[in-house]
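The values are calculated or read from the model by the stated rules, or taken from the named source; none is laboratory data. Note that the structure is predicted; figures quoted are calculated from it, not measured. So basically every Cβ, Gly included, is an ideal-geometry build from the backbone, and we count neighbours across all protein chains shown.
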Amino acid sequence: MNAVPSYPVALRGDLDPRLSRWLWLVKWILAIPHYVVLFVLWIAFFVLTVVALFAILVTGRYPRPIFDFNLGVLRWTWRVAFYSYAALGTDRYPPFSLGPEPDYPATLEVRYPERLSRGLVLVKWWLLAIPHYLVVGAFAGTTGWVAWQSGNTEVGGMNLVTALVVIAGFALLFTARYPRGIFELLLGINRWIVRVGAYVALMTDEYPPFRLDPGAREPEVAVAPERAD
């Protein structure tokens, strides 16, 4: 039996066992170059998603070059978010890369869909996703959702993600330990946000589950190998 992620969006984040007590206080400064680049990349992401929408309407397929670029933007964003104020999970500076970077402690993969529904493309990013927007808004707030795209959720007031990160930061400052339960909850929240983001960006037709999957790794399901005839 083989094990595969239970959802086509797979987010991983491995907690650094030796985090600095104080570095989290200045990561917002250290990450500024990434924020600048991500601002530009997300403009391109939105434009290309509109192009992909029309391509799916006509062909039923997400253009692979656009898919790969948008996945790269999501990967880059997740690495910066994990380093900074969506998790504080590592002190390793994120690479300036759209690639998978498997050696970095935060990775993100989205399974490429061979076919997509022409009808769903018109409604899933706004109508069908409304329940998830409400959940994501409760987790990160409107400004937090926008700020996640630049890897920095600590803006525009206190929301659940920001509150948990601040608690974790002060725990690091005074005890040099990151509370494991808080880290796993933050990973679950970020996983939910990323699943919704990929769905509304038209990268999958599989509806995101209303399920908080905490922990560093995705839950997996067992799949029986195909038998040769």
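Would you check which residues across the stretch 46-63 are part of a helix (DSSP H, G or I) and in contact with a Leu (Cβ under 8 Å, 6 or more places away or on another chain) and list them? Spell out how you get there, then give the answer.
Here is the first cut: in the stretch 46-63, the ones part of a helix (DSSP H, G or I) are 46-59.
Within the stretch 46-63, Thr49, Ala52, Leu53, Ile56, Leu57 qualify.
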When you go through (1) in contact with a Pro (Cβ under 8 Å, 6 or more places away or on another chain); (2) of a type in the set (D, E, K, R); (3) at pLDDT 90 or above; (4) farther than 28 Å from Val121 by Cβ one by one for Glu220, which number turns out not to apply?
(3)
Can you name every residue in the stretch 163-215 that is surrounded by fewer than 21 Cβ atoms within 10 Å (Cβ to Cβ), outside any helix (DSSP H, G or I), modelled with pLDDT of 95 or more and hydrophobic (A, V, I, L, M, F, W, C)?
Ala176, Phe210
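Can you name every residue in the stretch 165-202 that is aliphatic (A, V, I, L, M) and more than 13 Å from the chain's Cα centre (by Cα)?
As a first pass, look at the stretch 165-202 and keep what is aliphatic (A, V, I, L, M): 165-168, 171-173, 176, 182, 185-187, 189, 193-194, 196, 198, 200-202.
Selection gives Val165, Val166, Ile167, Ala168, Ala171, Leu172, Leu173, Ala176, Ile182, Leu185, Leu202.
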